[in-house]
1. For the residues ASP63, ASP52, ASP123, what sequence is obtained by ranking on other C-beta atoms within 10 Å, fewest first?
2. Alpha carbon centre of the stretch 105-129 versus the stretch 171-243: separation in Å?
3. Among ILE112, LEU203, PRO30, flag the residue with its Cα farthest along the positive direction of the charge dipole of the chain, charges on Cβ as +1 for Lys/Arg and -1 for Asp/Glu.
4. Which of (1) 52, 35, 34; (2) 68, 37, 30; (3) 52, 42, 29 is the computed Cα extents along the principal axes in Å for the structure on display?
5. For ILE162, what charge total do you get from the other residues with a beta carbon under 14 Å from its beta carbon, if Lys and Arg give +1 and Asp and Glu give -1?
6. Mind giving me the FRET efficiency for ARG104 and ASP180? R0 is 45 Å, r the Cβ-Cβ distance, nearest 0.05 is fine.
7. Can you give me the Cα centroid spacing of the stretch 20-62 and the stretch 77-92 in angstrom?
8. By count of other Cβ within 10 Å, fewest leading, how are CYS84, CYS168 ordered?
Amino acid sequence: MLPKKDSLYAHPVTQVSNFCFDAAVVQVFPDMINRSVPGYTTIIHAIGLMADYYTPANGRCYDLGCSLGAASLSMQAQISASDCQIIAVDNSPAMIAQFQQHYRPQPNKATIDIQCADIRDIDMSQASVVVVNFTLQFIPIADRLAFLSKIYQSLLPGGVLILSEKLCFTDPQQQQLQTDMHHAFKKAQGYSALEISQKRQALENVLLPETLQTHQARLQQAGFRSAEVWFAYFNFASLIALK
């Protein structure tokens, strides 16, 4: 069945409410994210490749802010080591309910433990791979270092964090260019100027992007020995941070 088309912001409203991952968003989320985040499908596939590379037998992976489980399912499909576990966590009951409804265990593949919880509060340990895919940007900035430090402590030596984020830029001209290119991408995916404008208003106080340099400095402060970009497309990037 084809995903339902995202038309949540297709009609003008007097007051645009803050964006949240409610039942209405869940119904259109696959279409929304693929048409809104440049390179999303490539990132999801590559997360599975990297998880396979880093996950040993009896390994444990975390997908924090899992939404409908795209990264978890990519890891499950591609991890070749035996007896592995993926813990998928999201604080949206609607997301988790939909993920649970459609999830089917796969024989001889990693199991997926789906949990509804605040990712800042869960216990983590013995992790080979942690994925935070376009999720840190929704966590209050004041909480981000503690959260990343907790992830670092949970990782085994040699473990990795895959962190994907929308970025902002200190140079105003670069910021304007990247924003314009993102809007051009969305227009090419069929979104109208009204939809782009209203979605931007909805996210304005909810999604708080930072610069690449800020992310890298914080990851180093959390303990990671290096954090480099492996994928970038306009103002979206994914980093791999090494313990």
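Since every read-out is calculated from the coordinates, none of them should be taken as a lab result. This structure is a prediction, so every number in the text was calculated from the model and none was measured. Every residue, glycine among them, receives a Cβ derived from its backbone with ideal geometry; neighbour counts consider all protein chains shown.
1. Numbers: ASP63 31, ASP52 17, ASP123 8.
Listing ASP63, ASP52, ASP123 from fewest to most nearby Cβ atoms yields ASP123, ASP52, ASP63.
2. 26 Å
3. Most positive-ward Cα: PRO30.
4. Matching the structure shown: (3).
5. Details: positive: LYS243; negative: ASP52, ASP63, GLU165, GLU228.
Once positives and negatives cancel, what remains is -3.
6. It comes to 0.60.
7. With the stretch 20-62 and the stretch 77-92 each reduced to a Cα centre, they are spaced 12 Å.
8. Details: CYS84 23, CYS168 17.
Sorted ascending by nearby Cβ count, the order is CYS168, CYS84.
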